[in-house]
Amino acid sequence: MPPRPLEVGPAGMQAARTIEMLRTERGLSQRQLAGRVTFLGHPMSNTMLSRIERAQRRCDADDLVAISEALLVSPLVLLQGPTTT
């Protein structure tokens, strides 16, 4: 029996939505954001980022931290979503 793919849970779904929202608010393409993440030392292709945003790939802790650094937000923002004021 082949192994079952790991499902993305609620926190992963929230992170995926928030990453896409913040990326588009900043006017960045997936390629541009992936390039920033790679420049910061965490290699990431735009395909990897696309799969994270579509919740087809789990966003591990290292991905989360690197993406948050590239977006200039706390990793907590990605997990909880942006606050509205």
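Whether any residue in the stretch 7-22 is touching an Asp or Glu at 6+ places or on another chain (Cβ under 6 Å), not in a helix (DSSP H, G or I) and not β-branched (Val, Ile, Thr) is what I want to check. For the stretch 7-22, residues touching an Asp or Glu at 6+ places or on another chain (Cβ under 6 Å), not in a helix (DSSP H, G or I) and not β-branched (Val, Ile, Thr): absent. Among residues that are of a type outside the set (D, E, K, R), over 11 Å from the mean Cα position of the chain (by Cα) and modelled with pLDDT of 95 or more, Pro10 is not included. Whenever a residue of the stretch 11-40 is farther than 15 Å from Thr83 by Cα and without any contact (Cβ under 8 Å) to a residue 60 or more places away in the chain, its partners that are surrounded by 13 or more Cβ atoms within 10 Å (Cβ to Cβ) and among the polar types (S, T, N, Q), lying with C-beta atoms within less than 6 angstrom and at least six residues away or across chains, give the pairs Gln30/Asn46; Gln30/Ser50; Arg31/Asn46; Ala34/Ser45; Ala34/Asn46. Take the stretch 46-85 and flag every residue that is more than 17 Å from Arg31 (Cα to Cα), free of Cβ contacts under 8 Å to residues at least 24 places away in the same chain and assigned to a helix (DSSP H, G or I). Hits for the stretch 46-85 are Ala61, Asp62, Val65, Pro75, Leu76.
Looking at Ala11, Ala55, Ala61, Ala66, can you tell me which residue is among the small types (Gly, Ala, Ser) and crowded, with 19+ Cβ neighbours inside 10 Å? Walk me through it before giving the result.
Values: Ala11 fails: crowded, with 19+ Cβ neighbours inside 10 Å; Ala55 fails: crowded, with 19+ Cβ neighbours inside 10 Å; Ala61 fails: crowded, with 19+ Cβ neighbours inside 10 Å.
After ruling out the rest, the residue left standing is Ala66.
The values are calculated or read from the model by the stated rules, or taken from the named source; none is laboratory data. Note that the coordinates shown come from a computational prediction; the quantities given were computed from them, not determined experimentally. When we count neighbours, we look across all protein chains shown, and the Cβ atoms used for this are built from the backbone with ideal geometry, even at glycine.
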